[in-house]
1. Would you please name the residue that is least open to solvent (accessible area, probe 1.4 Å), looking only at residues in the stretch 22-39 that are in a helix (DSSP H, G or I) and at pLDDT 85 or above?
2. Please name all residue pairs, on different chains or six or more residues apart, with Cβ atoms under 7 Å, provided the first residue is in the stretch 272-292 and is of a type in the set (D, E, K, R) and the second residue is open to solvent by less than 40 Å² (accessible area, probe 1.4 Å).
3. Taking the criterion of being free of Cβ contacts under 8 Å to residues at least 60 places away in the same chain, of a type in the set (D, E, K, R) and within 25 Å of N51 (Cβ to Cβ), would at least one residue in the stretch 196-207 satisfy it?
4. So, of the residues in the stretch 5-18 that are over 15 Å from G55 (Cα atoms) and part of a helix (DSSP H, G or I), which turns out to be least open to solvent (accessible area, probe 1.4 Å)?
5. Filter the stretch 275-324 down to the residues that are surrounded by 21 or more Cβ atoms within 10 Å (Cβ to Cβ), among the polar types (S, T, N, Q) and part of a helix (DSSP H, G or I) and list them by number.
6. Please specify each residue of the stretch 11-27 satisfying the condition of being over 34 Å from the mean Cα position of the chain (by Cα) and not polar (S, T, N, Q).
7. From the residues in the stretch 101-130 that are more than 15 Å from P181 (Cβ to Cβ) and part of a loop (DSSP other than H, G, I, E, B), which one is most open to solvent (accessible area, probe 1.4 Å)?
8. Which members of the stretch 40-61 meet the condition of being within 15 Å of G20 (Cβ to Cβ), open to solvent by 20 Å² or more (accessible area, probe 1.4 Å) and part of a loop (DSSP other than H, G, I, E, B)?
Amino acid sequence: MNTNERIPLYQQIQDYIRHGIASEKLKPGDRIPTEKELMDQFHVSKITVANALTGLANEKLIARVPGKGSFVAEEGDLSQNRLHAEAPSKRRESVLTRGLIGVIMPTIHDYFAIRLVEGIEEALSSEGYRCMIMLTSGQLEKEKEAIKELKALGADGLLIFPVDEENYNEEILGMKMSDFPFVLIDRYLPGIETHFIAADGRKGARLAVEHLWELGHRDIAICSDSPLQTVTVQERIEGYVEALKDKGALINPAHMITDFNPLSVLKDAEAHPLYRYIRNRMVTAYISLNGRLGVQIYQMAKQAGLRVPEDVSIVSFDDPTSIVEEFSIFTHVKQFERDMGLRAANKLLEVLGHDGAGKGYSKMLIEPELVVRQTSGIVPAT
(Lines give C-alpha, C1' and ligand atoms only; values in the text may rest on other atoms or scores of the structure.)
Protein backbone atom coordinates (compact mmCIF):
# COMPACT_ATOMS: atom_id res chain seq x y z
CA MET A 1 0.00 0.00 0.00
CA ASN A 2 1.34 3.42 -0.94
CA THR A 3 2.30 5.40 2.17
CA ASN A 4 0.65 8.51 0.69
CA GLU A 5 -2.72 6.75 0.78
CA ARG A 6 -2.61 6.98 4.58
CA ILE A 7 -1.81 10.71 4.55
CA PRO A 8 -4.75 13.13 4.16
CA LEU A 9 -4.74 14.82 0.76
CA TYR A 10 -4.45 18.32 2.16
CA GLN A 11 -1.32 17.23 4.08
CA GLN A 12 0.19 15.74 0.91
CA ILE A 13 -0.18 19.16 -0.73
CA GLN A 14 1.35 20.88 2.29
CA ASP A 15 4.27 18.42 2.42
CA TYR A 16 4.91 18.95 -1.31
CA ILE A 17 5.19 22.71 -0.81
CA ARG A 18 7.20 22.37 2.43
CA HIS A 19 9.68 20.11 0.62
CA GLY A 20 10.00 22.67 -2.18
CA ILE A 21 10.82 25.35 0.38
CA ALA A 22 13.22 23.16 2.38
CA SER A 23 15.10 22.10 -0.78
CA GLU A 24 15.16 25.75 -1.93
CA LYS A 25 13.44 24.89 -5.18
CA LEU A 26 10.97 27.48 -3.95
CA LYS A 27 12.69 30.59 -2.62
CA PRO A 28 11.25 33.53 -0.64
CA GLY A 29 9.00 35.54 -2.93
CA ASP A 30 8.53 32.71 -5.47
CA ARG A 31 5.01 32.04 -6.57
CA ILE A 32 3.80 28.55 -5.63
CA PRO A 33 1.66 26.47 -8.03
CA THR A 34 -1.84 27.84 -8.60
CA GLU A 35 -4.92 26.26 -7.03
CA LYS A 36 -5.86 24.83 -10.44
CA GLU A 37 -2.40 23.30 -10.90
CA LEU A 38 -2.53 21.72 -7.44
CA MET A 39 -6.08 20.42 -8.06
CA ASP A 40 -4.90 18.74 -11.28
CA GLN A 41 -1.66 17.40 -9.78
CA PHE A 42 -3.25 15.85 -6.67
CA HIS A 43 -6.72 15.12 -8.17
CA VAL A 44 -8.52 16.97 -5.39
CA SER A 45 -11.29 19.55 -5.04
CA LYS A 46 -10.73 23.28 -4.80
CA ILE A 47 -11.79 23.27 -1.15
CA THR A 48 -9.07 20.71 -0.29
CA VAL A 49 -6.41 22.87 -1.93
CA ALA A 50 -7.77 25.99 -0.20
CA ASN A 51 -7.66 24.17 3.15
CA ALA A 52 -4.03 23.13 2.57
CA LEU A 53 -2.96 26.65 1.58
CA THR A 54 -4.81 28.20 4.51
CA GLY A 55 -2.85 25.95 6.88
CA LEU A 56 0.46 26.97 5.29
CA ALA A 57 -0.54 30.64 5.46
CA ASN A 58 -1.41 30.24 9.16
CA GLU A 59 2.10 28.83 9.68
CA LYS A 60 3.46 31.88 7.80
CA LEU A 61 5.22 29.63 5.28
CA ILE A 62 3.34 31.29 2.42
CA ALA A 63 1.57 34.60 1.86
CA ARG A 64 -1.73 34.66 -0.06
CA VAL A 65 -2.34 37.74 -2.20
CA PRO A 66 -5.95 38.14 -3.40
CA GLY A 67 -6.16 38.15 -7.19
CA LYS A 68 -2.46 37.28 -7.63
CA GLY A 69 -1.87 33.91 -5.98
CA SER A 70 0.25 32.49 -3.16
CA PHE A 71 3.94 33.16 -2.61
CA VAL A 72 6.70 31.76 -0.42
CA ALA A 73 7.02 33.96 2.68
CA GLU A 74 9.90 36.40 2.88
CA GLU A 75 13.02 35.27 4.76
CA GLY A 76 12.09 36.90 8.08
CA ASP A 77 8.84 34.98 8.44
CA LEU A 78 10.23 31.86 6.81
CA SER A 79 13.16 31.42 9.19
CA GLN A 80 10.78 31.06 12.13
CA ASN A 81 9.11 28.13 10.39
CA ARG A 82 12.12 26.44 8.76
CA LEU A 83 11.96 23.46 11.13
CA HIS A 84 8.37 22.75 10.09
CA ALA A 85 9.28 22.89 6.41
CA GLU A 86 12.33 20.69 6.69
CA ALA A 87 10.82 17.54 8.16
CA PRO A 88 7.05 17.13 7.77
CA SER A 89 7.28 13.36 7.91
CA LYS A 90 9.32 13.44 11.13
CA ARG A 91 6.77 15.76 12.70
CA ARG A 92 3.99 13.29 11.91
CA GLU A 93 5.97 10.34 13.19
CA SER A 94 6.64 12.11 16.48
CA VAL A 95 2.98 12.85 17.13
CA LEU A 96 1.72 10.79 20.07
CA THR A 97 -1.86 10.41 21.21
CA ARG A 98 -2.35 13.84 22.69
CA GLY A 99 -5.80 13.72 24.20
CA LEU A 100 -9.53 13.76 23.66
CA ILE A 101 -11.71 15.98 21.46
CA GLY A 102 -15.46 15.88 22.00
CA VAL A 103 -17.88 16.08 19.06
CA ILE A 104 -21.50 16.96 19.85
CA MET A 105 -24.12 16.37 17.14
CA PRO A 106 -27.95 16.30 17.08
CA THR A 107 -27.93 12.99 15.14
CA ILE A 108 -25.85 11.07 12.64
CA HIS A 109 -28.82 9.67 10.70
CA ASP A 110 -28.06 11.33 7.36
CA TYR A 111 -25.16 11.50 4.95
CA PHE A 112 -24.51 15.16 5.80
CA ALA A 113 -23.65 14.18 9.38
CA ILE A 114 -21.71 11.08 8.33
CA ARG A 115 -19.50 13.02 5.92
CA LEU A 116 -19.02 15.78 8.49
CA VAL A 117 -17.81 13.29 11.10
CA GLU A 118 -15.50 11.63 8.55
CA GLY A 119 -13.75 14.96 7.97
CA ILE A 120 -13.44 15.64 11.69
CA GLU A 121 -12.01 12.19 12.37
CA GLU A 122 -9.48 12.51 9.54
CA ALA A 123 -8.08 15.77 10.89
CA LEU A 124 -7.99 14.67 14.52
CA SER A 125 -6.48 11.22 13.97
CA SER A 126 -3.70 12.67 11.80
CA GLU A 127 -2.62 14.76 14.78
CA GLY A 128 -2.92 11.97 17.35
CA TYR A 129 -6.18 13.00 19.01
CA ARG A 130 -8.97 10.66 20.02
CA CYS A 131 -12.54 11.60 19.10
CA MET A 132 -15.66 10.97 21.23
CA ILE A 133 -19.07 11.63 19.64
CA MET A 134 -22.13 12.40 21.77
CA LEU A 135 -25.63 12.80 20.30
CA THR A 136 -28.27 15.20 21.62
CA SER A 137 -31.36 14.12 19.61
CA GLY A 138 -31.90 17.83 19.01
CA GLN A 139 -32.59 18.50 22.71
CA LEU A 140 -30.99 21.47 24.46
CA GLU A 141 -30.78 19.74 27.85
CA LYS A 142 -28.92 16.79 26.32
CA GLU A 143 -26.54 19.22 24.65
CA LYS A 144 -25.80 20.85 28.02
CA GLU A 145 -25.20 17.45 29.63
CA ALA A 146 -22.92 16.37 26.79
CA ILE A 147 -20.77 19.47 27.23
CA LYS A 148 -20.51 18.90 30.99
CA GLU A 149 -19.71 15.21 30.57
CA LEU A 150 -17.03 15.71 27.94
CA LYS A 151 -15.36 18.43 29.99
CA ALA A 152 -15.46 16.13 33.04
CA LEU A 153 -13.80 13.40 30.98
CA GLY A 154 -10.92 15.78 30.31
CA ALA A 155 -11.66 16.77 26.69
CA ASP A 156 -9.10 19.26 25.39
CA GLY A 157 -11.71 20.98 23.22
CA LEU A 158 -15.17 20.55 21.65
CA LEU A 159 -16.68 20.63 18.18
CA ILE A 160 -20.39 21.42 18.49
CA PHE A 161 -23.22 21.23 15.95
CA PRO A 162 -25.67 23.24 18.09
CA VAL A 163 -29.27 22.35 18.74
CA ASP A 164 -31.93 24.54 17.07
CA GLU A 165 -33.22 26.53 20.01
CA GLU A 166 -34.50 30.04 20.66
CA ASN A 167 -32.57 30.15 23.93
CA TYR A 168 -28.78 30.06 24.08
CA ASN A 169 -27.10 27.14 25.77
CA GLU A 170 -25.53 28.69 28.87
CA GLU A 171 -22.86 25.96 28.80
CA ILE A 172 -21.64 27.35 25.45
CA LEU A 173 -21.69 30.87 26.87
CA GLY A 174 -19.75 29.62 29.88
CA MET A 175 -17.07 28.07 27.66
CA LYS A 176 -16.69 31.35 25.81
CA MET A 177 -16.32 33.30 29.06
CA SER A 178 -13.70 30.85 30.38
CA ASP A 179 -11.81 30.58 27.05
CA PHE A 180 -12.42 26.84 26.83
CA PRO A 181 -11.55 25.82 23.23
CA PHE A 182 -14.54 25.06 21.00
CA VAL A 183 -15.75 25.55 17.43
CA LEU A 184 -19.39 25.72 16.31
CA ILE A 185 -20.40 23.95 13.10
CA ASP A 186 -23.23 24.89 10.69
CA ARG A 187 -24.98 27.23 13.16
CA TYR A 188 -23.83 30.17 15.22
CA LEU A 189 -25.18 32.23 18.09
CA PRO A 190 -26.27 35.69 16.81
CA GLY A 191 -24.50 38.53 18.56
CA ILE A 192 -21.96 36.26 20.26
CA GLU A 193 -18.49 35.89 18.78
CA THR A 194 -17.21 32.33 18.57
CA HIS A 195 -15.19 30.26 16.13
CA PHE A 196 -17.71 29.09 13.56
CA ILE A 197 -17.76 27.29 10.21
CA ALA A 198 -20.64 26.64 7.82
CA ALA A 199 -21.56 26.65 4.18
CA ASP A 200 -22.85 29.97 2.84
CA GLY A 201 -26.62 29.43 3.13
CA ARG A 202 -27.56 32.61 1.30
CA LYS A 203 -25.37 31.66 -1.65
CA GLY A 204 -26.76 28.12 -1.68
CA ALA A 205 -30.36 29.33 -1.88
CA ARG A 206 -29.45 31.79 -4.63
CA LEU A 207 -27.84 29.00 -6.67
CA ALA A 208 -31.01 26.92 -6.35
CA VAL A 209 -33.32 29.78 -7.38
CA GLU A 210 -31.12 30.79 -10.32
CA HIS A 211 -30.99 27.22 -11.61
CA LEU A 212 -34.77 26.80 -11.45
CA TRP A 213 -35.35 30.24 -12.97
CA GLU A 214 -33.16 29.33 -15.96
CA LEU A 215 -35.35 26.25 -16.46
CA GLY A 216 -38.40 28.52 -16.73
CA HIS A 217 -39.83 28.14 -13.22
CA ARG A 218 -41.51 31.25 -11.83
CA ASP A 219 -43.53 29.75 -8.96
CA ILE A 220 -40.82 28.39 -6.66
CA ALA A 221 -41.44 27.34 -3.05
CA ILE A 222 -38.85 27.06 -0.31
CA CYS A 223 -39.58 24.53 2.47
CA SER A 224 -38.22 23.86 5.94
CA ASP A 225 -39.45 21.38 8.53
CA SER A 226 -37.36 22.94 11.29
CA PRO A 227 -39.60 23.62 14.30
CA LEU A 228 -37.94 27.02 14.75
CA GLN A 229 -36.81 29.83 12.48
CA THR A 230 -33.14 29.22 13.17
CA VAL A 231 -30.32 31.41 11.88
CA THR A 232 -29.51 28.76 9.26
CA VAL A 233 -33.11 28.68 7.99
CA GLN A 234 -33.40 32.47 8.02
CA GLU A 235 -30.22 32.98 6.01
CA ARG A 236 -31.33 30.50 3.34
CA ILE A 237 -34.75 32.14 3.07
CA GLU A 238 -33.06 35.54 2.80
CA GLY A 239 -30.95 34.19 -0.09
CA TYR A 240 -34.12 32.88 -1.77
CA VAL A 241 -35.87 36.27 -1.42
CA GLU A 242 -32.80 38.19 -2.65
CA ALA A 243 -32.48 35.97 -5.73
CA LEU A 244 -36.15 36.40 -6.67
CA LYS A 245 -35.92 40.17 -6.18
CA ASP A 246 -32.90 40.25 -8.50
CA LYS A 247 -35.09 38.58 -11.13
CA GLY A 248 -37.77 41.24 -10.66
CA ALA A 249 -40.21 38.67 -9.26
CA LEU A 250 -42.88 39.46 -6.72
CA ILE A 251 -42.35 37.66 -3.40
CA ASN A 252 -45.27 35.41 -2.47
CA PRO A 253 -45.19 34.69 1.30
CA ALA A 254 -47.35 31.60 0.68
CA HIS A 255 -44.40 30.05 -1.16
CA MET A 256 -42.22 30.15 1.97
CA ILE A 257 -43.53 26.96 3.58
CA THR A 258 -42.04 26.63 7.05
CA ASP A 259 -44.96 26.42 9.46
CA PHE A 260 -45.55 22.68 9.60
CA ASN A 261 -44.45 19.66 11.60
CA PRO A 262 -42.07 17.10 10.07
CA LEU A 263 -43.72 14.10 8.42
CA SER A 264 -43.07 11.04 10.57
CA VAL A 265 -44.29 8.28 8.23
CA LEU A 266 -45.34 8.39 4.57
CA LYS A 267 -48.72 6.77 5.23
CA ASP A 268 -49.76 9.97 7.03
CA ALA A 269 -48.85 12.10 4.01
CA GLU A 270 -52.36 12.76 2.70
CA ALA A 271 -53.31 14.57 5.92
CA HIS A 272 -50.18 16.71 5.81
CA PRO A 273 -50.53 20.37 4.71
CA LEU A 274 -47.47 20.09 2.47
CA TYR A 275 -49.03 17.13 0.64
CA ARG A 276 -52.14 19.19 -0.13
CA TYR A 277 -49.93 22.00 -1.38
CA ILE A 278 -48.08 19.62 -3.71
CA ARG A 279 -51.24 17.83 -4.89
CA ASN A 280 -52.91 21.15 -5.81
CA ARG A 281 -49.84 22.12 -7.87
CA MET A 282 -49.44 25.48 -6.15
CA VAL A 283 -45.89 25.80 -7.53
CA THR A 284 -43.80 24.09 -10.19
CA ALA A 285 -40.61 23.73 -8.12
CA TYR A 286 -39.52 23.18 -4.51
CA ILE A 287 -36.31 24.00 -2.68
CA SER A 288 -35.99 21.88 0.47
CA LEU A 289 -33.66 23.08 3.20
CA ASN A 290 -32.47 19.59 4.09
CA GLY A 291 -32.07 16.30 2.29
CA ARG A 292 -34.59 14.35 4.35
CA LEU A 293 -37.34 16.82 3.47
CA GLY A 294 -36.31 16.69 -0.19
CA VAL A 295 -36.95 12.94 -0.21
CA GLN A 296 -40.33 13.43 1.48
CA ILE A 297 -41.39 16.02 -1.12
CA TYR A 298 -40.34 13.56 -3.84
CA GLN A 299 -42.41 10.79 -2.21
CA MET A 300 -45.44 13.04 -1.70
CA ALA A 301 -45.32 14.17 -5.32
CA LYS A 302 -45.34 10.56 -6.54
CA GLN A 303 -48.17 9.73 -4.13
CA ALA A 304 -50.13 12.67 -5.58
CA GLY A 305 -49.64 11.28 -9.09
CA LEU A 306 -46.99 13.82 -10.14
CA ARG A 307 -43.81 13.00 -11.99
CA VAL A 308 -40.39 14.38 -11.01
CA PRO A 309 -39.11 16.41 -12.85
CA GLU A 310 -41.73 16.39 -15.63
CA ASP A 311 -44.50 17.84 -13.42
CA VAL A 312 -42.56 19.26 -10.50
CA SER A 313 -38.86 19.95 -9.84
CA ILE A 314 -37.01 19.55 -6.54
CA VAL A 315 -33.68 20.98 -5.41
CA SER A 316 -32.50 19.97 -1.93
CA PHE A 317 -29.79 21.26 0.34
CA ASP A 318 -27.35 18.34 0.67
CA ASP A 319 -27.44 15.08 -1.25
CA PRO A 320 -30.00 12.89 0.53
CA THR A 321 -29.74 9.66 -1.41
CA SER A 322 -26.21 8.42 -1.78
CA ILE A 323 -22.78 8.57 -0.22
CA VAL A 324 -21.39 7.72 -3.67
CA GLU A 325 -21.99 10.89 -5.62
CA GLU A 326 -22.44 9.29 -9.05
CA PHE A 327 -25.48 7.33 -7.85
CA SER A 328 -27.44 10.33 -6.58
CA ILE A 329 -30.64 11.35 -8.38
CA PHE A 330 -31.22 14.65 -6.56
CA THR A 331 -30.25 18.05 -7.84
CA HIS A 332 -28.75 19.50 -4.70
CA VAL A 333 -26.75 22.28 -3.10
CA LYS A 334 -23.44 20.67 -2.19
CA GLN A 335 -22.03 22.04 1.07
CA PHE A 336 -18.73 20.10 1.19
CA GLU A 337 -19.58 18.69 4.59
CA ARG A 338 -16.48 16.46 4.78
CA ASP A 339 -14.25 19.48 4.23
CA MET A 340 -16.39 21.43 6.69
CA GLY A 341 -15.59 18.84 9.36
CA LEU A 342 -11.92 18.82 8.36
CA ARG A 343 -11.62 22.58 8.60
CA ALA A 344 -13.58 22.78 11.86
CA ALA A 345 -11.25 20.25 13.46
CA ASN A 346 -8.17 22.00 12.08
CA LYS A 347 -9.40 25.31 13.49
CA LEU A 348 -9.83 23.70 16.92
CA LEU A 349 -6.33 22.21 16.70
CA GLU A 350 -5.02 25.65 15.77
CA VAL A 351 -6.76 27.16 18.83
CA LEU A 352 -5.27 24.44 21.05
CA GLY A 353 -1.83 25.09 19.61
CA HIS A 354 -2.06 28.80 20.35
CA ASP A 355 -2.99 28.35 24.01
CA GLY A 356 -6.34 30.09 24.13
CA ALA A 357 -9.68 30.32 22.36
CA GLY A 358 -10.48 33.97 22.93
CA LYS A 359 -7.69 35.68 20.98
CA GLY A 360 -9.69 36.63 17.91
CA TYR A 361 -12.52 34.62 16.41
CA SER A 362 -12.94 33.38 12.86
CA LYS A 363 -16.16 32.95 10.91
CA MET A 364 -15.46 30.61 7.99
CA LEU A 365 -17.98 30.28 5.17
CA ILE A 366 -17.58 27.51 2.60
CA GLU A 367 -18.68 28.28 -0.96
CA PRO A 368 -21.47 25.84 -1.90
CA GLU A 369 -21.93 24.42 -5.40
CA LEU A 370 -25.04 23.35 -7.27
CA VAL A 371 -24.93 19.74 -8.51
CA VAL A 372 -27.52 19.17 -11.26
CA ARG A 373 -29.00 15.67 -11.39
CA GLN A 374 -32.40 14.21 -12.27
CA THR A 375 -34.92 15.97 -10.03
CA SER A 376 -34.93 19.32 -11.81
CA GLY A 377 -36.19 19.98 -15.34
CA ILE A 378 -37.83 22.58 -17.54
CA VAL A 379 -41.09 24.07 -16.34
CA PRO A 380 -44.09 21.94 -17.38
CA ALA A 381 -46.26 23.26 -20.18
CA THR A 382 -49.56 24.78 -19.12
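1. Going through the qualifying residues, I end up with L38.
2. Qualifying pairs under 7 Å: R279/A304; R292/P320.
3. The answer is yes, given that some residue of the stretch 196-207 is free of Cβ contacts under 8 Å to residues at least 60 places away in the same chain, of a type in the set (D, E, K, R) and within 25 Å of N51 (Cβ to Cβ).
4. Checked the stretch 5-18; the qualifying residue least open to solvent (accessible area, probe 1.4 Å) is E5.
5. If the condition is that a residue be surrounded by 21 or more Cβ atoms within 10 Å (Cβ to Cβ), among the polar types (S, T, N, Q) and part of a helix (DSSP H, G or I), then Q296 is the only one that fits.
6. Passing the criteria: E24, K25, K27.
7. Going through the qualifying residues, I end up with H109.
8. Result: E59, single match.
The values are calculated or read from the model by the stated rules, or taken from the named source; none is laboratory data. Small disclaimer: the values here were computed from a predicted structure and weren't measured. Glycine also receives a Cβ, built like all others from the backbone with ideal geometry; neighbour counts cover every protein chain displayed. Just the protein is used for accessible areas: all its heavy atoms, side chains included, with ligands, DNA and RNA removed. Shrake-Rupley method; radii C 1.70, N 1.55, O 1.52, S 1.80 Å.
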